[in-house]
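Notes follow once the structure below has been shown.
The values are calculated or read from the model by the stated rules, or taken from the named source; none is laboratory data. What you see is a predicted model; the values in this text were computed from it and never measured. Because the Cβ atoms are built from the backbone with ideal geometry, glycine has one as well, and the counts that use them run over all protein chains shown.
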Amino acid sequence: MKPHSPKIEMTAQNFPALHTFLRGYFHEDVSDEYGTPPEAADQFCEDADSDERIPVAREWQKVVELTEGQTAPLNAALKKLGSAIQLTEDQIPEVSAIFARCLGAKPARKVANE
């Protein structure tokens, strides 16, 4: 019998970076401030340094994985973590792609010597 991994609770304590991001970017004025949730995520990736981007992107990926990327469970989880908006089915892969890009981005200050 395989040991069953314990279910991770959707709490700010378990996802602190994502919680901070959601409260700061996925708030009720997202359309006025950024246009769309993917544009808000993109702006975050531009505003934040890698020490902020990487934990948010990793926690986002974990929440998407735990909810299997399904719209209703993902929106419920994000709401518990501080989001004031509902993502559409089309926006989820867009935001995921932006965060995947954040993980792949190299900090500008670490340029290889020529």
* Asked: Do you know which residues across segment 58-74 are touching a residue at least 12 places away in the same chain (Cβ under 8 Å) and farther than 19 Å from A17 by Cβ?
  -> G69, T71
* Search segment 35-57 for residues that are farther than 13 Å from E94 by Cα and pair each with any residue that is among the polar types (S, T, N, Q) and modelled with pLDDT of 95 or more when their beta-carbon atoms are under 8 Å apart and the residues are at least 6 apart or on different chains. => V56/T20
* Structure fact -> Checked segment 77-114 for anything in a loop (DSSP other than H, G, I, E, B), out of contact with any helix residue (DSSP H, G or I) (no Cβ under 6 Å at 6 or more places or on another chain), modelled with pLDDT of 95 or more and of a type in the set (A, V, I, L, M, F, W, C); matches are A84
* Asked: Looking at segment 26-50, which of its residues are under 19 Å from F15 (Cα atoms) and touching a Pro at 6+ places or on another chain (Cβ under 9 Å)?
  -> F26, D49, S50
* Asked: Inside segment 1-76, counting only helices (runs of 4 or more DSSP H) that do not spill past its ends, which hold 1 or more residues that are of a type outside the set (D, E, K, R), at pLDDT 95 or above and under 11 Å from the mean Cα position of the chain (by Cα)?
  -> 16-25, 37-47, 50-66
* Which of the residues spanning segment 81-99 are of a type outside the set (A, V, I, L, M) and surrounded by fewer than 16 Cβ atoms within 10 Å (Cβ to Cβ)? -> Q86, T88, E89, D90, P93
